[in-house]
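Structure first, commentary second.
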Amino acid sequence: IEAVVASMAHIAAGAPELPFYYYHIPTVTGVALDMVEFLARAGERIPNLAGIKYTASTLHEYQQCVEFDGGRYDVLFGFDEMLLPALAVGATAAIGSTYNFSAPVYHRIMAAFAKGEIETARRWQSRSIDITRAFGSYGGREAQKAMMGMIGFDCGPCRPPLTTLPADRTSALRKDLDAVDFFKLAAEASAAELTV
């Protein structure tokens, strides 16, 4: 933790007037440290520390981060497939990669939760999991860039070392997404958002 705090303090000092967020994504970085301890130490050393993007399944620790020092920090939730349980332990905001192409689905999860309609929220969370599972075997960013193109947003090719999905894999991905009604859900959810 001391090494991470020291390196983050150095980075944050490069733009001391801007709020600084630490991205905690252990499945990508391989760094799975106690974020409560991180907040305790970093809060003393990083004056512009605003919070954490917390992308891990350890909801008990997430809750402790949300509640740390009376809720001093903005702790955004980043594990898209677990938004609903995160709401139950105090999440009020989230940042997720699948929100780029499925934001209305997540809006519905949050709206249903806010109304106490847990079964509705659970059904929408299940749909988001179906979508995530459908593209998972095609790679993370590679598949997500292809999906953005499929819904009309060409984000360009992947940067090395990632590779852009070839046409045959993109076609297979489209079929897998069709099987979970991704395009229908996106269209329906988008239309519903416009009428709210």
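The values are calculated or read from the model by the stated rules, or taken from the named source; none is laboratory data. Keep in mind it's a predicted model, so treat the numbers as computed, not measured. Glycine gets a Cβ as well: all are built from the backbone with ideal geometry, and neighbour counts include every protein chain shown. Side chains included, ligands, DNA and RNA excluded: accessible areas come from the protein's heavy atoms. Shrake-Rupley method; radii C 1.70, N 1.55, O 1.52, S 1.80 Å.
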Can you name the number of the only condition in (1) without any contact (Cβ under 8 Å) to a residue 40 or more places away in the chain; (2) over 26 Å from M82 (Cβ atoms) that R45 fails? (1)
Counted residues in region 11-51 being out of contact with any Ser or Thr (no Cβ under 7 Å at 6 or more places or on another chain) and under 23 Å from G70 (Cβ atoms) come to 24
So which residues in region 85-100 are more than 12 Å from the chain's Cα centre (by Cα), surrounded by 15 or more Cβ atoms within 10 Å (Cβ to Cβ) and not in a loop (DSSP other than H, G, I, E, B), if there are any at all? P85, L87
All positions within region 27-58 that are under 21 Å from the mean Cα position of the chain (by Cα) and open to solvent by 30 Å² or more (accessible area, probe 1.4 Å): T27, V28, T29, G30, V31, A32, L33, D34, V36, S57, T58
Residues being open to solvent by 40 Å² or more (accessible area, probe 1.4 Å), closer than 19 Å to E81 by Cβ and either hydrophobic (A, V, I, L, M, F, W, C) or without any contact (Cβ under 8 Å) to a residue 24 or more places away in the chain (or both): count how many of those fall in region 142-180. 1
For region 64-84, enumerate the residues that are surrounded by fewer than 19 Cβ atoms within 10 Å (Cβ to Cβ) and either among the β-branched types (V, I, T) or in a loop (DSSP other than H, G, I, E, B) (or both). G71, R72
